[in-house]
């Protein structure tokens, strides 16, 4: 069985609606998608960090319950596991406050074995953070050498705009590593101050990675490759929370790549019908997550999909 290996932050999301806490769920952008893929019964490992505390115990137990290997999680003795407060607005979009206390030494773990056509997921500030950059690059170099599929979601938040110039070289390197780039229109507005998909693709993405998916909340999904330019509409759904929507769109795409047995070498030549089926998986996963306060697809969805 092909493996899925994600590297990133895991955090306890405490969700507030109308000023009151409504849920506490382990999260993190790469982590959310991995939980969904673990629930689908796939071979999933997570590389990350937690504190030796109650929050860390909650996260680790949650991983075990959702079929994610905890072997590559660094449990640090100094500092505390991170938490976030997610405040939902009237549209059920979240505004975050983060609380973190990491030690100086980070990510002191052995990396898992990667084989050809395994899928590696990376992104967010975690993949840019100067404190972790060399360690992350070591992992991405290894994954590239092993001919894995590298799936990159920049997930670049507004709070990092002041650092965008300093982080630009690392972003560019990540795009070069990537086999597929999936980001939201908001990511590219924050990174490049660009809003038109074709400009984003032609000016920033295509030279580094020709396979590009851009999502825009409830608006169209845009696909760009060397041979395909295509838009996909999203059916209207009743949204409870958008936390994890993009992360689980990623999970659906990764599930589709495995379901339709897409290899690294085949991605450059995928035809329209195969992309259509893969994108539909992304839409389905994302829609399920938006219908609850959970950060990942429900176990009922996973069992029936």
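Here, each number is a calculation from the coordinates, and none is a lab measurement. Only a predicted model underlies this, so the values are computations on that prediction, with no experimental measurement involved. FYI the Cβ positions are ideal-geometry reconstructions off the backbone, even for glycines, and counts take in every protein chain you see.
What is the Cα convex hull volume of the range 3-304 when expressed per residue in Å³? Don't skip to the answer; put the middle values down first.
Details: hull volume 37.7 nm³, N = 302.
Output value, Cα hull per residue: 125 Å³.
Under 8 Å for C-alpha pairs, at least 6 residues apart: give me the relative contact order for the chain, rounded to a whole percent. Could you put the intermediate results ahead of the total?
Numbers: 605 pairs, mean separation 50.2, N = 305.
After rounding, I find 16 percent.
Restricting to the range 3-304, what percent of DSSP beta bridges are antiparallel, rounded to 5?
Values: 21 of 52 bridges.
Close to 40 percent.
Can you put 177, 96 in order, fewest other beta carbons within 10 Å first? Present the calculation step by step, with values, prior to reporting the outcome.
Numbers: 177 21, 96 13.
Arranged by neighbour count, lowest to highest, 177, 96 become 96, 177.
Using a basic spin-label model with each label point 7 Å from the Cα along Cα→Cβ, how many nm lie between residue 304 and residue 176?
According to this spin-label approximation, the distance is 4.7 nm.
Per residue, what volume in Å³ does the convex hull of the Cα atoms of the range 4-133 enclose? Can you show the working numbers first?
Working: hull volume 15.6 nm³, N = 130.
Each residue corresponds to 120 Å³ of Cα convex hull volume.
Between residue 217 and residue 57, what is the spin-label point distance in nm, taking each point 7 Å from the Cα along the Cα→C-beta axis?
4.1 nm
Arrange the following residues from fewest to most other Cβ atoms within 10 Å of their Cβ: 161, 267, 180.
The fewest-first ordering by Cβ neighbours comes to 161, 267, 180.
Answer rounded, prolate or oblate for the range 172-305, using the Cα gyration tensor with square roots of eigenvalues a ≥ b ≥ c: rounded when a/c is under 1.5, else prolate when a/b is larger than b/c, else oblate.
Values: a/c = 1.89, a/b = 1.31, b/c = 1.45.
In terms of gyration-tensor shape, oblate.
If each residue's Cβ is checked for other Cβ atoms within 10 Å, how do 197, 30, 240, 64 rank with the fewest at the top?
Ascending number of Cβ neighbours within 10 Å: 64, 240, 197, 30.
So what's the gap between the Cα centers of the range 91-155 and the range 22-51, to the nearest angstrom?
13 Å
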